[in-house]
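Worksheet: one structure, shown below.
The values are calculated or read from the model by the stated rules, or taken from the named source; none is laboratory data. Note that the coordinates shown come from a computational prediction; the quantities given were computed from them, not determined experimentally. Virtual Cβ from ideal backbone geometry, glycine too; neighbours counted across all protein chains shown. Just the protein is used for accessible areas: all its heavy atoms, side chains included, with ligands, DNA and RNA removed. Shrake-Rupley method; radii C 1.70, N 1.55, O 1.52, S 1.80 Å.
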Amino acid sequence: MGEGTTGTSRVTGGLRCELLGPLRVLRDGDEIPFGPPKQRAVLAVLLLQEGRPISYDGLVEAVWGGAPPVHVRNLVQKYVSGLRRALGDGPELVWTGSGYRLTGVHADDLRRRRELVDEALAARDAGDLRRAGELARRAEELWRGEFAEGLRAPYLAAERLRWAEKRLTVLEARLAGEIELGNSFGYVHELVRLVAAHPLRERLVELLMLALCRTGRPADALAAYEAVRRRLAEAMGADPGPALRSLHARILHQDPALL
């Protein structure tokens, strides 16, 4: 759900790399340039290996896909040399015989986010929804845009989709906790906005319906169900899933537990 230090914290005497937004590398809090977009894409791919080597062919596939330029080997050597110069002393980018390996530097915001998500899950499992929500909120604050925003590479495009899903899942868990804590009124507008942005995501509609019910608006909750039912039918030829259908039935039967 989140990260314990702030997304812009200073790392005295070292590098801080961030990927939850445009790739950013800071030395003692000051951003440093890391060359052209493809060189930055190489750095992002290497950071995501978390110290594991990636083969030459694997790196080319990750950055250029199945149709690399004819001079791609020269480009790889050029970008690796450029990264070594920019990284300076401390981090090591070496060829191991089986691939390129970057050590001594990390995607710090990803690492911190993972810690906060684990802490939030533990808090939720312990029944401390308020602390879980606070940790999730701090995780959300680490995002500065899309994952590795602006870098075009097949591997990063796939990772961008994966991290967008992870971000939404954590957000849904946080909002579910807020509703359970009785804070429905303050999150109805956020849920309306999220449903508009992700109109086929049933969990968000379910949370919106629940929040509407708990703020005395069951008719609006039923309208939200009907709207997503039509969207699913038109887009996929499908009906809402079991969770949404169950909530819809409970609202129709005026289940007092919903209030």
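Values as computed for the structure displayed
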quantity	calculated
Square roots of 5 times each gyration tensor eigenvalue, C-alpha, the stretch 143-259, largest first, Å	29, 18, 11
Relative contact order for the chain, counting Cα pairs under 8 Å that sit 6 or more residues apart, in percent	22 percent
Distance (nanometres) between label positions extended 7 Å along Cα→Cβ at Arg114 and Ala126	2.2 nm
Pairs of Cα atoms farther than 16 Å apart, the stretch 143-204, %	54 percent
Helix 72-87 vs. the chain, principal-axis angle (Cα, 0 to 90°, nearest 10)	90 degrees
On Cα atoms only, tilt of 218-236 relative to the major axis of the chain in degrees	50 degrees
Cα radius of gyration and Dmax for the stretch 45-97 (Å)	11.5, 34
Estimated inter-spin distance, Ser98 and Ala197, nm [label 7 Å along Cα→Cβ]	4.0 nm
Residue-normalised accessible area of the stretch 121-197, expressed per residue, 1.4 Å probe, Å²	55 Å²
Sorted peptide list for 78-87, 174-183, criterion being average Cβ within 10 angstrom, highest first	174-183, 78-87
Packing-based ranking, highest mean first, of 201-210, 225-234, 144-153 given that Cβ atoms within 10 Å are counted	201-210, 144-153, 225-234
Cα-based helix-to-principal-axis angle, 154-180 vs the chain, degrees rounded to 10	30 degrees
Rounded Å value of the spacing that divides the Cα centres of the stretch 11-51 and the stretch 160-175	23 Å
Value of Rg/Rh across the chain [Cα atoms, Kirkwood radius]	1.08
Positive-pole candidate from Leu75, Leu20, Leu93, dipole of the chain, charges at beta carbon	Leu75
Chain lengthening between Val70 and Ile32 when straightened (0.36 nm per residue, less Cα-Cα)	10.6 nm
DSSP beta bridges in the chain [antiparallel fraction, %, rounded to 5]	90 percent
Portion, in percent, of the accessible area of the chain that falls on carbon or sulfur, probe 1.4 Å	52 percent
Most to least packed among 108-119, 20-31 [average Cβ atoms within 10 Å]	108-119, 20-31
Semi-axis lengths (Å, descending) of the ellipsoid that matches the C-alpha gyration tensor of the stretch 1-145	32, 17, 13
Fraction in percent of alpha-carbon pairs per bin - 5 Å, the stretch 78-214	2, 9, 14, 16, 17, 14, 8, 6, 6, 5, 3, 1, 0
Heavy atoms of His106: accessible area, 1.4 Å probe, square angstrom to 10	70 Å²
